[in-house]
1. Condition first: in a loop (DSSP other than H, G, I, E, B) and either touching an Asp or Glu at 6+ places or on another chain (Cβ under 9 Å) or surrounded by 14 or more Cβ atoms within 10 Å (Cβ to Cβ) (or both). Now tell me which residues in region 362-379 satisfy that.
2. Which one is modelled with the highest pLDDT, of the residues in region 470-517 that are in a loop (DSSP other than H, G, I, E, B), under 20 Å from residue 181 (Cα atoms) and among the hydrophobic types (A, V, I, L, M, F, W, C)?
3. Answer yes or no as to whether residue 465 is more than 20 Å from residue 423 (Cβ to Cβ) and modelled with pLDDT of 75 or more.
4. Can you tell me which residues in region 420-471 are under 28 Å from residue 674 (Cα atoms) and of a type in the set (S, T, N, Q)?
5. In region 1-56, what count of residues is obtained for those that are touching a Gly at 6+ places or on another chain (Cβ under 7 Å) and in a helix (DSSP H, G or I)?
6. Which of the numbered conditions does residue 236 fail, given that it passes all the others? Conditions: (1) over 31 Å from the mean Cα position of the chain (by Cα); (2) aliphatic (A, V, I, L, M); (3) part of a helix (DSSP H, G or I).
7. Just wondering, is there one or more residues in region 93-110 that are assigned by TED's automatic domain parsing to the domain that holds residue 8 and closer than 24 Å to residue 34 by Cα?
8. Answer with yes or no whether residue 103 is touching a residue at least 60 places away in the same chain (Cβ under 8 Å), in contact with a Gly (Cβ under 7 Å, 6 or more places away or on another chain) and surrounded by fewer than 21 Cβ atoms within 10 Å (Cβ to Cβ).
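The values are calculated or read from the model by the stated rules, or taken from the named source; none is laboratory data. This structure is a prediction, so every number in the text was calculated from the model and none was measured. In this analysis, Cβ positions are derived from the backbone assuming ideal geometry, glycine residues included, and neighbour counts consider all displayed protein chains.
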Amino acid sequence: MDTDQYLEVFLDESREHLQAVNDNILKLEKQPQDLNLVNDIFRSAHTLKGMAATMGYEDIASLTHKMENVLDLIRNHKLTVSTDIIDIIFQAIEYLEAMVSSISEGNDGKKDVTGLVQRLDQIEKGEPVNPIVQIDNVNESNFIHSNELDLDEFQITIVDQAKEQGFFPYQITVELTDDCILKGARAYMVFESLEGRGEIIRTNPSVEEIEEGNFAQSFSMVFLSKVAADSIKEIIGKVSEVKNVEIVNLVTISNSDKQQETSVDFENTVSAVKEETAATAEAESKPVTSSTTASKTIRVNLEKIDDLLNLFEEVVIDRSRLEVIAENLDNHDLTDTVEHLSRVSTDMQSLILAMRMVPIEQVFNRFPRMIRGLARDLNKQINLEIIGAETELDRTVIDEIGDPLVHLIRNSVDHGIELPEARKQAGKPEEGNLILRAFHSGNHVFIEIEDDGAGINRKKVKAKAIENGVISASEADLLDDNQVARLILSSGFSTADKVSDISGRGVGLDVVKNKIESLGGQISIESKVGKGSIFSIQLPLTLSIIATLLVKVKKETYAIPLSSIIETVILEKDQIMYAHGNKVMDFRGKVIPLVSMAKVFEIPANEVVEEQEYSVVIVKKGEKLTGLIVDSFIGQKEVVLKSLGNYLKDVFAISGATILGDGEVALIIDPNALVK
């Protein structure tokens, strides 16, 4: 059976089921008596098992089958939900996510799940779960202790049997250079260099964390191979940005004498487990009733939508030209036809853009499980609140924003929120709050990470900035709290007293800043000592076609996105007020600042005319309002947003340009930059 044609469907549906399991497991931990949650998790695992077995991904089928057995015991009141069970199921989800990700990258999706399957099997039989057994190394001094490896009994058995079959068991520790930024990519290249030369049976940290770059500068693995150690060292050493490679031959393993009764053929162990579980999977056929209604959808490659959008941009430009021609010719039939074309094309445009937009919850959904794990590791109590998960963002931005958010959240959990004892002494609740918020503002999406932790220590940051030569002492005295907080985004900046494997406030934040700016976004920080911090990320929607209000300023035409505009007003001269020497106006009982676009963009005027009335566009950014003073309003127009290119990418308050129907180029305003 040729399954290639179903691969994309399998990957998409697998991700959906894994996310459903992930979400429901978190709920189950808080509501262990809710059998509806157990049933939902069971159905997702059952469906995933069936799909994987059909597609021939036996490791996935094997692991989900064992998960299914444990869940079946829970829903039949034969097993009680415990933290240990939740932990093992979470580990199984991580394995499954890694295998699905591997398949999506064109690999076979194979992974050694035997140890985890054994643990689930022990839970199913009511036996105590296998303890973690420490390697007893004859040359322990050669180890980098931050990367010590633990093997369970099954892995130790495999090492012993592999040695009998002529394999050398090595512990390999790879250290990358200090200036290596793409650590995950380098680690992946190390794994690739070892492909076909042996088997990796254990890594520290996990393979997923290593490939995501979530480690310091070194990582370790237990590698079984018939290749000599010197050759392996030479192979790994050829990968760029590898600073050092340490290889230790594992001669003895503690408790190995207990394993002699178990006969294991190293090369056939995994396949034997696969055959057994695949046979069980075929025999399993419980009827299930889905609680959700299937939607009628088709899956379309994103590149096809991109191509369609590019073609439609040309239609929009030609539509604008036709509108100008129809107006000049004053032909009734032509005008009616163009108006109908405009209405139809507007609807088409909305549909095309909607196809590219996806809810940001696809990114947010990974964080509850991550924060749960971090809180347990750090002995902290943390309540996560997610607001605005339904906020939609362009798919290309969604794919890129995940890693920066992971870094910022880990940073807040590790160094922002205090330990329960410290919070209690400061008069705070022992449970810290972390808020993840997303909302639209104009042609942008804002993502905020807010914690009620210790905040950023102004004195400490200033002292470190002066020590590192980022600013001078005289400059530091002129900075307000938020400007001081932004210093932690400087390259190589850190105030951490000790390096943490979870994060270090400031460590790598310059990389986060660079990543966000590469997406056309910005990051800002607000912090109050003892109260907490807010990291705010502003991202463009990256929509190619936007609705705007065209305005005239002197001889220039500008386009202001309609999504940022509250309303337009005409102000008489005597309605203009002043506060601290700046123009302000009364807008519905609220005093808001006024900004002259002619002054902002330094537009020259042929003659100075004393205005008797002002045309003002009221724009918003979140809760903040500002009035933009222009000369006149031209009207609404849908325009194609074009980039200004690399040479003009940093022009203040300009997000792009467009070509109007008469051939004139109009600059598109970024109102968020002008809101005071």
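1. Taking region 362-379 and keeping what is in a loop (DSSP other than H, G, I, E, B), we get 365-366, 379.
Result: 365, 366.
2. Step by step, filter region 470-517, then rank; the result is 493.
3. Values: more than 20 Å from residue 423 (Cβ to Cβ): yes; modelled with pLDDT of 75 or more: yes.
It is true that residue 465 is more than 20 Å from residue 423 (Cβ to Cβ) and modelled with pLDDT of 75 or more.
4. Across region 420-471, the qualifying residues are 441, 443.
5. Our first condition is that a residue be touching a Gly at 6+ places or on another chain (Cβ under 7 Å); within region 1-56, this holds for 3.
Still in the list and also in a helix (DSSP H, G or I): none.
Looking only at that region, the number is 0.
6. The number of the failed condition is (1).
7. Pass one, region 93-110, residues assigned by TED's automatic domain parsing to the domain that holds residue 8: 93-110.
Keeping just the survivors that are closer than 24 Å to residue 34 by Cα gives 93-94.
Yes, region 93-110 has at least one match.
8. Numbers: touching a residue at least 60 places away in the same chain (Cβ under 8 Å): yes; in contact with a Gly (Cβ under 7 Å, 6 or more places away or on another chain): yes; surrounded by fewer than 21 Cβ atoms within 10 Å (Cβ to Cβ): yes.
So residue 103 passes the test.
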